[in-house]
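The values are calculated or read from the model by the stated rules, or taken from the named source; none is laboratory data. Nothing here was measured: the structure is a model prediction, and the numbers come from that model. Note that we place each Cβ from the backbone using ideal geometry, even for glycine, and neighbour counts take in every protein chain shown. Ligands, DNA and RNA are excluded from the accessible area calculation, which covers all protein heavy atoms including side chains. Shrake-Rupley method; radii C 1.70, N 1.55, O 1.52, S 1.80 Å.
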Amino acid sequence: MTRSRQSFLHGAAVLAFAGIVTRAMALTVQMVMARTMGAQGFGLFQTISPPYFLLVTLATFGLPPAVSKVIAENLAVGDVARARKAWITANAWCAVSGLAMVCLAFALSPHLHRFMDPRAIPAFLAMIFRIPIVCLSSVLSGFYMGIQNQTPPALAWIVETTVRAAASVPLMLWMSPWGVRYGALALVIGGGVGELAGYLTMLGAYLLRYRRLLVTPGRSARPAHGVARDLAQVAVPTVLANVLGVIAFAAEPTVMYQAFLEAGVSRREATAMYGAFGMAMELLFMPTVLSGAISSVIVPAISEAKALCDDRLAARRIAQSIHAAMFVALFAAALFIASGEDAATALYRNPTAGHILAYLAPSCLFFYLSDPLFAVLQGLNRAFASTIITFVSSAVRLGCIYEFVAAGHQGVRGLASAVAVSGIVSAMLAIFAVRRYHHLDLDLWMSFKMALAAVIAWLPMSSVQHGADQQAPWAQFALCTALGMATYVIAAMYLGLATVDEIARIPVVGRPLARAMRRLPFLGAR
């Protein structure tokens with residue numbers, strides 16, 4: 001295996017491990033939030049997220065993936081001076097734009113009651129102060145992705161989530177008795193403290209170890225103004241796609257409330273249903289930490305391959321990213337079909353969220369594929385295609401919400417159906433776009449074997465549901481997860497989807513897992 005490929009796979013594994021740790025800690029905060037403030041509090045917090053994400057999207061201007069791409073491709077050809085110019089330009093822009101968004105938000109604050117629940121305004125205003133830190137942290141993370149060293153961002157995510165949990169949970173328990181508005185405010189304050197801790201962790205690593213990587217005594221062979229153009233080629237389509245996605249996300253509650261109103265459901269009941277839907281979506285997307293790690297490293301990896309004019313390397317990395325996302329998605333679908341209701345009941349004490357999760361489980365494959373495919377398009381310098389796909393899928397989502405909920409009277413299941421349809425549309429269009437701009441060499445036989453391994457893993461999980469139905473939901477879910485994961489990995493090994501040596505290269509857990517695998521019959525020699 002080449003050094004470059006080791007960097008690509010190792011980086012994805014490092015980010016995935018950090019993501020699993022952080023998601024586990026974040027789940028603790030969400031569980032306390034759901035049990036302390038209920039579906040009403042969960043739904044209230046969801047209403048302030050879209051406008052905040054819109055401001056963050058505008059402030060960062062799509063620069064994190066642009067920085068990683070430009071730095072990676074310039075370092076690949078030895079143009080260190082140009083990579084440094086891109087790094088300085090991105091930091092300057094994010095510092096100025098972050099402060100500008102804070103001023104804009106406070107200028108508009110007297111009119112916020114027209115667009116959101118008044119109880120959410122204090123939490124939203126507190127959340128605004130996090131924007132400059134988020135901007136600078138995102139660009140710094142993009143720098144590390146560009147030099148293909150994912151350890152500092154992974155460590156920062158763990159620090160951020162640890163501090164967030166340590167600050168949010170006590171504050172939430174202390175402030176929630178005063179009302180859901182104070183519970184949401186506590187969660188925002190804790191999140192801000194965590195983000196600051198994560199940024200300082202990455203910044204400390206940069207100042208102590210990595211700041212000299214972009215220092216060069218020479219001068220760039222290309223003009224300085226070209227750096228802004230290179231950044232804009234990725235940043236502009238990315239920010240357009242993100243803005244469209246966030247606008248659709250922000251419009252979703254409005255369309256949802258109107259659809260439920262026409263279906264005869266009160267606003268309070270709709271908020272509770274939307275909160276249950278949000279809980280289900282949190283669980284559904286929890287395994288995307290693995291596919292998300294792949295998305296983060298694939299942009300600079302493909303940019304490096306294209307800068308070196310190595311189309312075979314680019315094609316191999318594209319195939320690796322898609323197969324890895326499929327591997328995660330198929331197991332997640334099997335797990336949520338078998339034990340999704342237990343997961344939501346155990347964590348959130350909300351059976352409605354469990355029904356939604358089990359209903360949405362088959363669409364995992366499409367949801368999990370979208371991010372890596374969009375990242376591939378960014379790496380191929382075709383980010384504008386992802387903008388078009390986002391626009392189409394967002395329009396489909398909003399249209400289906402109104403059709404299924406208002407006209408079809410399908411309730412919260414109609415809301416879930418609309419999300420599933422938009423996810424399928426997004427993934428299929430992204431596949432067609434990638435095939436148009438680059439050769440896509442997918443192994444269909446490998447995909448079939450992944451599906452077979454997922455079916456094999458589902459069998460013992462289904463048996464647990466029937467044989468241990470008197471156990472507590474958390475016990476059933478834990479047993480299903482452990483038994484299903486072990487079965488899935490063993491089935492994948494015997495089907496030839498991975499070798500013991502490849503398992504051993506996984507950070508932290510790889511070597512112990514490989515030693516256990518070598519004890520299995522007929523597997524040790526593989």
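Return the equivalent ellipsoid semi-axes of the range 130-170 as a descending list in whole Å, where each equals the square root of 5 times an eigenvalue of the C-alpha gyration tensor.
22, 13, 4
Please report the carbon-and-sulfur percent of the accessible area for the range 50-114; probe 1.4 Å, protein heavy atoms only, DNA, RNA and ligands left out.
75
If the viscosity is 1.306 mPa s and the temperature 10 °C, what Stokes-Einstein diffusion coefficient in µm²/s follows for the range 357-437 when Rh is the Kirkwood radius over Cα pairs?
122
How large is ³J(HN,Hα), in whole Hz, for each residue of the range 302-311 in order, when computed from phi with the Karplus curve 6.51 cos²θ - 1.76 cosθ + 1.60 and θ = phi - 60°, using x for Gly and Pro?
6, 4, 5, 5, 5, 5, 8, 6, 9, 5
How big is the accessible area of Leu240 in square angstrom, nearest 10, if you roll a 1.4 angstrom probe over the protein chains?
80
Step by step: find N for the range 276-359, compute 2.2 N^0.38 Å, then divide the Cα radius of gyration by it. What's the final number?
After normalising by residue count via 2.2 N^0.38 Å, the value is 1.44.
Would you mind working out the accessible area per residue for the range 333-463, using a 1.4 Å probe, and quoting it in Å²?
41
Grab the eigenvalues of the alpha-carbon gyration tensor for the range 90-177, scale each by 5, take roots, and send me the semi-axes largest first in whole angstrom.
So the equivalent ellipsoid measures 29, 22, 8 Å along its semi-axes.
With a point put 7 Å past each Cα toward its Cβ, work out how far Ser266 is from Ile388 in nm, to one decimal.
4.8
At a Cα cut-off below 20 Å, give the lysines reachable from Lys306, other chains included and same-chain residues fewer than 8 away excluded.
Straight-line reach from Lys306, under 20 Å: Lys69.
At what distance in nm do the modelled label points of Ala475 and Thr28 sit from each other, each positioned 7 Å from its Cα along Cα→Cβ?
2.4
Under the rule of at least 5 residues apart or a separate chain, name every residue whose amide H is placed under 5 Å from the amide H of Asn350.
Excluding prolines and chain starts, which carry no amide H, the hits are Thr345.
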